[in-house]
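What follows is a short report on a single structure.
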Protein chains: 2
Amino acid sequence: MKGAYTGFVNTRYKPTSNDLVCSFYVEPARGKTMRQVAEHVAGESSVGTWTEVATMSPKIKKMGAKVFKINGNWIKVAYPSELFEPGNMPQILSSIAGNIYGMKSLKNLRLEDIQWPKKIMRSFKGPQFGIKGIRKFLEVDKRPLCGTIIKPKLGLNEIGHAQVAFEAWLGGIDIVKDDENLTSQSFNRFEKRVKETLRKRDKAERKTGEKKVYMPNITAETKEMLRRAHIVKENNGDYVMVDVLTVGWSAVQTLRDEMQDLKLIIHAHRAMHGAITRNPKHGMSMLAIADIARLIGVDQLHIGTVVGKMEGNKKEVVAIGEEIERKFIQAKGHILAEKWGNIKPVFAVCSGGLHPGLIPKLVDYLGEDIIVQAGGGVHGHPGGTMAGAHAMRQAINSFRDNIPLKEYAKTHKELKEAIEKWGYI
Amino acid sequence: MKGAYTGFVNTRYKPTSNDLVCSFYVEPARGKTMRQVAEHVAGESSVGTWTEVATMSPKIKKMGAKVFKINGNWIKVAYPSELFEPGNMPQILSSIAGNIYGMKSLKNLRLEDIQWPKKIMRSFKGPQFGIKGIRKFLEVDKRPLCGTIIKPKLGLNEIGHAQVAFEAWLGGIDIVKDDENLTSQSFNRFEKRVKETLRKRDKAERKTGEKKVYMPNITAETKEMLRRAHIVKENNGDYVMVDVLTVGWSAVQTLRDEMQDLKLIIHAHRAMHGAITRNPKHGMSMLAIADIARLIGVDQLHIGTVVGKMEGNKKEVVAIGEEIERKFIQAKGHILAEKWGNIKPVFAVCSGGLHPGLIPKLVDYLGEDIIVQAGGGVHGHPGGTMAGAHAMRQAINSFRDNIPLKEYAKTHKELKEAIEKWGYI
């Protein structure tokens, strides 16, 4: 039985500026060739199905995706913009990252990168603040920003939470973040936590003379999420954080739209990404997820640490950092070129198992335009949260002042203690 | 360096009715034991982090998750309900299916099943209509429902789309569905499509004397999605369809909430699920996704076909069908027991490469409470859409009348032609 997934491979085709281009890794199922499976992928993700249908026309067939490159297990596919609804990320993903993952004719499929045509790029907002806006807001020109996550992840009540935040700020932390699974539980209600913590922020700002930031986790059903964003605004908050993958892209778009008026900075946590990104042969790369998040318009995004408790190798994490922070991306290997135009850069966030001894390597790998978030690496300091905050800020200052960490530790007690507990690389 | 992911394994612990229980497949990274990684998984997904923190207390530690069973590569973890925000699915998933996928200490992790405690179960709505409500609405007591997807997936204009739907209905199809990547593109605008297609539905109902259904795809940013649901209602539609994974769970919850007043039936497409479900060692099972979709409250859900173009073996698809359609689920292997209480059953949808010759096997495997959706298997019929619709309905009628398909085909021309083209099993 001959299927109708045919005519979608055309290696002489040259993508135009009207095409959305995807880079995929593909492993055919047994008995299938790369060319056959390339036909299936491009067909199913555009206008094809498994059998010829009476309702097909030559005009529609011309709208089909085109596989213009097959190289080993890698293919590049060009999709005419007309296949997509501008400004509708779920629709775009239902095409290029939808049914195709489930096809019997393939064993593995990974969406590695997406190149957005202008028509689609213009239909999304991109970040409202981006790196420059955030640096201006925080009044920190150059060094990495210094953040912590309140720990334990769950369990502190509102007052305890605000107190831990306060100590972290006093110790030198710029940014305090809720953990990704803290929203509004019985032991710690959202509204009360926001009020208490922002009150402490004001106090910390008065005491330190520095700008301090609290990022409350508003992850919830869409309307409740927006309601919580408004609570943050009403209490003079500047930021919200959201778990972009567990709320989903519709809600992220809705949140970004709301920020046009509400003017809060969006911090994007990526909880669950590993379910999709971790297998190098299947799912979607973190690079592609970062691409999507930038286009929709979060201001900050977790990209990995290379050196911490979470997986992600140097090459990969550096590439993600560049993808979200640069204006132009050069094509390289399976990474597609991108001209981001008016879409602002997203501030890269490194988090997961970080402590002061890892900062030099981290900055060496990723540059100074990062937000370093340490939870255990602050509150686990032998001297407690405030000492841990001091140690982290000292590590960042040692970079700013261009003094080696070990050298700096000689005259900075908290940093020395941190290094004694956790080591350094 | 000793991390603080300790004290989360307690194999003498007996889960209580207050616990949310998860069944995970786990593969430790090299050099790690199952017990160590079990500690990491339970710790990171509840109250732990990688190092002891000064802010931890015995009371908080008691709220931690408990690994109460380790069996080969499988673990069962009990989470006290207090860790979760009732009615907030993204929060629940940021805990039990969040950061843990990215931990360096493990190589693979798959969430296989979730058992909901009453407190959480009561905080979600479940389906508004469910199987009984849909059968009542469609006035079809017993047989499988008969659906098609308009093909080609993309490219028909609004008038063409409505015309294909009309022919399918006349031929005997109950339910016509948009394809998962058709929303509101320049060649086919949502509002016009809905108006045209529902007008044809009315005509088809008058001509056939049967109830006919159109499921317009409202997949979009949340507010736009709701706006489209209202357009459907204003045009006397009865159904909406949504790609639950590409819009995300926040939007699905928002949609379900809106249906309390709007009273439309929700059809859930699962585009992208394969990115998460396909690897048997990593990600999340389709069973777990189905569990989540039922709890939030979609009325219909794609579960696979066993026999079609999409992967999914018999045992797995049958188990998913039971999970969403039964009132009680028996614990079996890695599947956890569930008492669904007042949460209604979801109508299972089988779609992907189906044609009339596959119906007997499909019904044999999954029973009569299924919605059979065939796109290519209708519009690819040698006689065109209406003949294809006849053939599909004939296949379903042969089941209803308990006559073997081959026998039935002798007196039903369109069925005979379909079998000649595509074969039967």
Determine whether B:I120 is aliphatic (A, V, I, L, M) and part of a strand (DSSP E or B). no
So how many residues does the range A:1-32 have that are more than 21 Å from A:S57 (Cβ to Cβ), within 14 Å of chain B (Cβ to nearest Cβ) and open to solvent by 70 Å² or more (accessible area, probe 1.4 Å)? 3
Residues in the range A:37-55 that are part of a helix (DSSP H, G or I), over 23 Å from B:P382 (Cα atoms) and touching a helix residue (DSSP H, G or I) at 6+ places or on another chain (Cβ under 7 Å): how many? 1
Looking only at the range A:117-132, count how many residues are among the aromatic types (F, W, Y) and touching a strand residue (DSSP E or B) at 6+ places or on another chain (Cβ under 6 Å). 1
A:V26 is checked against (1) under 28 Å from the mean Cα position of the chain (by Cα); (2) hydrophobic (A, V, I, L, M, F, W, C); (3) assigned to a loop (DSSP other than H, G, I, E, B) and fails just one. What number does that condition carry? (3)
Flag for B:M215 being surrounded by 22 or more Cβ atoms within 10 Å (Cβ to Cβ), under 30 Å from B:E323 (Cβ atoms) and modelled with pLDDT of 95 or more: yes
Which numbered condition trips up B:D261, out of (1) within 14 Å of chain A (Cβ to nearest Cβ); (2) crowded, with 23+ Cβ neighbours inside 10 Å; (3) among the charged types (D, E, K, R)? (2)
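Residue-by-condition table, conditions (1) open to solvent by less than 10 Å² (accessible area, probe 1.4 Å); (2) of a type outside the set (V, I, T); (3) out of contact with any helix residue (DSSP H, G or I) (no Cβ under 9 Å at 6 or more places or on another chain); (4) in a helix (DSSP H, G or I):
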residue	(1), (2), (3), (4)
B:D291	yes, yes, no, yes
B:R294	yes, yes, no, yes
B:V298	yes, no, no, no
B:T305	yes, no, no, no
B:G312	no, yes, no, no
B:E316	no, yes, no, yes
B:E322	no, yes, yes, yes
B:K344	no, yes, no, no
B:I359	yes, no, no, yes
Taking into account only those residues within the range B:154-170 that are touching a residue at least 40 places away in the same chain (Cβ under 8 Å) and within 12 Å of chain A (Cβ to nearest Cβ), which is most open to solvent (accessible area, probe 1.4 Å)? B:E167
In this structure, is A:G147 under 20 Å from A:T197 (Cβ atoms) and open to solvent by less than 20 Å² (accessible area, probe 1.4 Å)? yes
Evaluation of A:Q253 against (1) assigned to a loop (DSSP other than H, G, I, E, B); (2) over 23 Å from A:V77 (Cβ atoms); (3) within 14 Å of another protein chain (Cβ to nearest Cβ); (4) open to solvent by 10 Å² or more (accessible area, probe 1.4 Å) (one fails), failing number: (1)
Criterion first (in contact with a Gly (Cβ under 9 Å, 6 or more places away or on another chain), open to solvent by less than 10 Å² (accessible area, probe 1.4 Å) and away from every other protein chain (no Cβ under 14 Å)) does B:A348 satisfy it? yes
Filter result for A:L182 (within 25 Å of B:E85 (Cα to Cα), in contact (Cβ under 8 Å) with a residue 12 or more places away in the chain and in the same structural domain as A:I266 (by TED's automatic domain parsing)): yes
For the subset of the range B:122-144 comprising residues that are among the hydrophobic types (A, V, I, L, M, F, W, C) and either open to solvent by 10 Å² or more (accessible area, probe 1.4 Å) or in contact with a helix residue (DSSP H, G or I) (Cβ under 7 Å, 6 or more places away or on another chain) (or both), which member is nearest to the other protein chains (Cβ to nearest Cβ)? B:F124
Filtering the range A:34-68 for residues that are open to solvent by less than 30 Å² (accessible area, probe 1.4 Å), more than 17 Å from B:K151 (Cα to Cα) and not aliphatic (A, V, I, L, M) leaves a count of 1
Return yes or no: is B:G377 among the small types (G, A, S) and open to solvent by 20 Å² or more (accessible area, probe 1.4 Å)? no
Which is in contact with an Asp or Glu (Cβ under 8 Å, 6 or more places away or on another chain) and either assigned by TED's automatic domain parsing to the domain that holds A:V317 or closer than 23 Å to B:T183 by Cβ (or both), of A:G102, A:G43? A:G102
Please go through the range A:185-200 and give me each residue that is open to solvent by 10 Å² or more (accessible area, probe 1.4 Å) and touching a residue at least 40 places away in the same chain (Cβ under 8 Å), ordered by number. A:E191, A:K195
Selection count, the range B:108-120, where residues are more than 9 Å from every other protein chain (Cβ to nearest Cβ) and open to solvent by 20 Å² or more (accessible area, probe 1.4 Å): 4
So B:K281 clears everything in (1) within 21 Å of A:R110 (Cα to Cα); (2) within 7 Å of another protein chain (Cβ to nearest Cβ); (3) charged (D, E, K, R) except one condition, right? Which one? (2)
Give B:D243, B:D238, B:D178 a once-over and let me know the one that is open to solvent by less than 10 Å² (accessible area, probe 1.4 Å), more than 9 Å from chain A (Cβ to nearest Cβ) and on the phi < 0 side of the Ramachandran plot. B:D178
Being closer than 17 Å to B:K223 by Cα, within 14 Å of the chain's Cα centre (by Cα) and surrounded by 24 or more Cβ atoms within 10 Å (Cβ to Cβ), is that true of even one residue in the range B:265-279? yes
Just for the range B:212-227: of the residues that are polar (S, T, N, Q) and not in a helix (DSSP H, G or I), which one is nearest to the other protein chains (Cβ to nearest Cβ)? B:T219
Restricting to the range B:311-342, name every residue that is hydrophobic (A, V, I, L, M, F, W, C) and free of Cβ contacts under 8 Å to residues at least 12 places away in the same chain. B:I329, B:A331
Result of the Cβ filter at 7 Å on the range B:91-105, keeping first residues that are touching a residue at least 60 places away in the same chain (Cβ under 8 Å) and more than 7 Å from every other protein chain (Cβ to nearest Cβ) and partners that are assigned to a helix (DSSP H, G or I) and acidic (D, E), at least 6 apart or interchain, is B:I100/B:E44
Which one is farthest from the other protein chains (Cβ to nearest Cβ) among residues in the range B:361-398 that are touching a His at 6+ places or on another chain (Cβ under 7 Å) and either outside any helix (DSSP H, G or I) or of a type outside the set (G, A, S) (or both)? B:Q394
Of the residues in the range B:384-425, those that are within 18 Å of A:T49 (Cβ to Cβ) and surrounded by fewer than 16 Cβ atoms within 10 Å (Cβ to Cβ) come to B:G423
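The values are calculated or read from the model by the stated rules, or taken from the named source; none is laboratory data. Treat the numbers as computed from the prediction; the structure is a model and nothing was measured. Positions of Cβ are generated from backbone atoms using ideal geometry, with glycine treated the same way; all protein chains shown enter the neighbour counts. Keep in mind that these areas ignore ligands, DNA and RNA; they rest on the heavy atoms of the full protein, side chains included. Shrake-Rupley method; radii C 1.70, N 1.55, O 1.52, S 1.80 Å.
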